[in-house]
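In what follows, a single structure is set out as C-alpha cells and then discussed.
The values are calculated or read from the model by the stated rules, or taken from the named source; none is laboratory data. These numbers come from a predicted model, not from an experiment. Cβ coordinates were reconstructed from backbone atoms using ideal geometry, including for glycine residues, and neighbour counts include every protein chain displayed.
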C-alpha cells in the first residue's frame, strides 16, 4: 500500500494541513515559507481518516444546470497554467538557491560552526532537506502542468 497523505505531508515538511489541488495532488506550506506539492495515488482509499481527500462520485448533471462555455473554460485553464508556471519559476529559483547554499554537501563552515561540528552537520542536513523539497516541488509542478495541457 502507498503512503498516506499524512505520511507524505510529514516527508515534505508541511507545517499546515495539505489541501487537495486536483485529484490526488496536494499542496502545503513548509517552514521556509515555500509551498510543497506532492501526489498521493489512491489517497481517498489509503487515508480514509483524512477529510482533505475528496471522493468523487459520478452524479449526472441535473437538467437546467448552468454550464461553462468553452471560451470561459479556456480562460480559466489559461489562468491556471499561468499560476502553475509562476509557481514553477519560483520553485526553480528556490531550488537553484538551495543548491548553491548546499554546495554539493560541503558548504563553508560559519565561524560559530568551526568550534561546533554538530552545528555544521545540522546545517548541512537542513540544506540537503531544502534541496530535496524543492526538487520534489519542481517535479510535481511539471507533472501538473503536463497533465493539464
### Task
Have a look at 33, 64 and point out the one that is in the same structural domain as residue 10 (by TED's automatic domain parsing), at pLDDT below 90 and more than 16 Å from residue 9 (Cβ to Cβ).
33
### Task
Evaluate the following for residue 130: is it farther than 23 Å from residue 14 by Cβ and not assigned by TED's automatic domain parsing to the domain that holds residue 9?
no
### Summary
Selection from the range 101-111 of residues modelled with pLDDT of 90 or more, assigned to a helix (DSSP H, G or I) and loosely packed, with under 10 Cβ neighbours inside 10 Å yields 111
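Residue-wise test of (1) at pLDDT 85 or above; (2) over 18 Å from residue 147 (Cβ atoms).
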{"site": "1", "(1), (2)": "no, yes"}
{"site": "17", "(1), (2)": "yes, yes"}
{"site": "20", "(1), (2)": "yes, no"}
{"site": "26", "(1), (2)": "yes, no"}
{"site": "29", "(1), (2)": "yes, yes"}
{"site": "37", "(1), (2)": "yes, no"}
{"site": "43", "(1), (2)": "no, no"}
{"site": "55", "(1), (2)": "no, yes"}
{"site": "80", "(1), (2)": "yes, no"}
### Query
Counting only residues that are crowded, with 21+ Cβ neighbours inside 10 Å, in contact (Cβ under 8 Å) with a residue 12 or more places away in the chain and part of a strand (DSSP E or B), which one in the range 6-27 is farthest from the chain's Cα centre (by Cα)?
14
### Query
(1) at pLDDT 90 or above; (2) within 23 Å of residue 26 (Cβ to Cβ): which one isn't true of residue 50, the others all being true?
(1)
### Query
Which members of the range 92-115 meet the condition of being farther than 19 Å from residue 32 by Cβ and out of contact with any helix residue (DSSP H, G or I) (no Cβ under 9 Å at 6 or more places or on another chain)?
104, 108, 111, 115
